[in-house]
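*Asks:* Sharing a structure, written as structure tokens. Questions coming.
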Amino acid sequence: YTENGELNPLHSFTVEQIIEYIGHHPLNYRPDPKNPERMIRDTKNSGLKLWVQCVPADSGRRYPDKLSDKCRFANCPDPRRTLRKGDFRIAFDEQPRGGIKTDPFHNAGYVHLYCMEKFLDLPQLCKNYNVLPDTRDFREGKNKMAITRDHQSMAGIVKEFIEISKPWIQFGNGQRPEEYYCHTLCSALTHEHLSKQPGRVQDTRDERGGNSIDVH
């Protein structure tokens with residue numbers, strides 16, 4: 001960790017290290033109400049919150065470090081591990097609940113939602129850990145990271161995925177299926193975004209050509 005409370009942005013992490021970080025995080029434990037000296041594991045209500053967010057625009061100065069908003073997976077398909085404006089991401093939020101003034105941009109780290117679903121069984125994580133759609137309201141004004149930033153319906157997509165998505169083990173061999181992207185939250189959110197956009201936006205993409213969100 002750095003002095004700002006984030007995983008050192010100069011480092012990236014293997015899949016095994018990310019699994020260890022989530023699975024063995026100290027915030028997964030809380031005092032037993034019947035015996036305060038004893039700690040019990042409660043991962044669904046963990047103090048480590050995994051927010052499903054949109055990457056905000058014009059917010060670079062809000063991060064503790066110029067590398068803070070890089071994807072932390074070492075084998076991220078992007079060689080620069082860049083999280084671009086409008087991408088869907090997961091924020092690792094270790095900040096305490098309520099009562100303390102904190103900066104919502106000061107998190108332990110971020111990863112592409114795409115990477116999370118490529119390397120980890122996100123449906124199983126949703127069943128076991130504190131995965132949440134970011135719909136928070138901030139005193140400072142609009143939440144630029146909210147998953148509902150463009151469309152309110154996005155929160156429902158995330159909540160439905162958390163409730164009914166199928167862990168990899170339910171696909172037969174217990175492994176991530178080769179043709180899996182159509183089952184991902186990233187795919188569902190992208191399709192919802194495209195379905196809500198004005199038709200002229202897609203016309204502009206068709207004219208421009210190249211790589212864009214509609215060929216995800």
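*Asks:* Restricting attention to region 160-180, which residues are open to solvent by 60 Å² or more (accessible area, probe 1.4 Å), more than 13 Å from Asp121 (Cβ to Cβ) and part of a helix (DSSP H, G or I)?
*Replies:* Once the filter is applied, which keeps residues that are open to solvent by 60 Å² or more (accessible area, probe 1.4 Å), more than 13 Å from Asp121 (Cβ to Cβ) and part of a helix (DSSP H, G or I), region 160-180 yields Glu160, Glu163, Ile164.
*Asks:* Then there's this: Based on this model, can you work out whether His112 counts as touching an Asp or Glu at 6+ places or on another chain (Cβ under 7 Å), modelled with pLDDT of 90 or more, more than 24 Å from Asp42 (Cα to Cα) and not charged (D, E, K, R)?
*Replies:* Yes: the conditions hold for His112.
Yes/no matrix, rows are residues, columns are (1) open to solvent by less than 30 Å² (accessible area, probe 1.4 Å); (2) modelled with pLDDT under 95; (3) more than 18 Å from Thr190 (Cβ to Cβ):
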| position | (1), (2), (3) |
| --- | --- |
| Lys85 | no, yes, no |
| Phe119 | no, no, yes |
| Lys127 | no, no, yes |
| Ile157 | no, no, no |
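*Asks:* Looking at this structure, is Lys70 of a type in the set (D, E, K, R), open to solvent by 30 Å² or more (accessible area, probe 1.4 Å), closer than 16 Å to Leu125 by Cβ and in contact (Cβ under 8 Å) with a residue 60 or more places away in the chain?
*Replies:* no
*Asks:* Conditions: (1) surrounded by 14 or more Cβ atoms within 10 Å (Cβ to Cβ); (2) under 20 Å from Thr102 (Cα atoms); (3) out of contact with any helix residue (DSSP H, G or I) (no Cβ under 7 Å at 6 or more places or on another chain). Asp58 meets all but one. Number of the miss?
*Replies:* Failing condition for Asp58: (1).
The values are calculated or read from the model by the stated rules, or taken from the named source; none is laboratory data. What you are looking at is a predicted structure, and each value in this text was computed from that prediction instead of being measured. Cβ: placed from backbone, ideal geometry, glycine included. Neighbour counts: every protein chain shown. Calculation scope for accessible area: heavy atoms of the full protein, side chains included, ligands and nucleic acids excluded. Shrake-Rupley method; radii C 1.70, N 1.55, O 1.52, S 1.80 Å.
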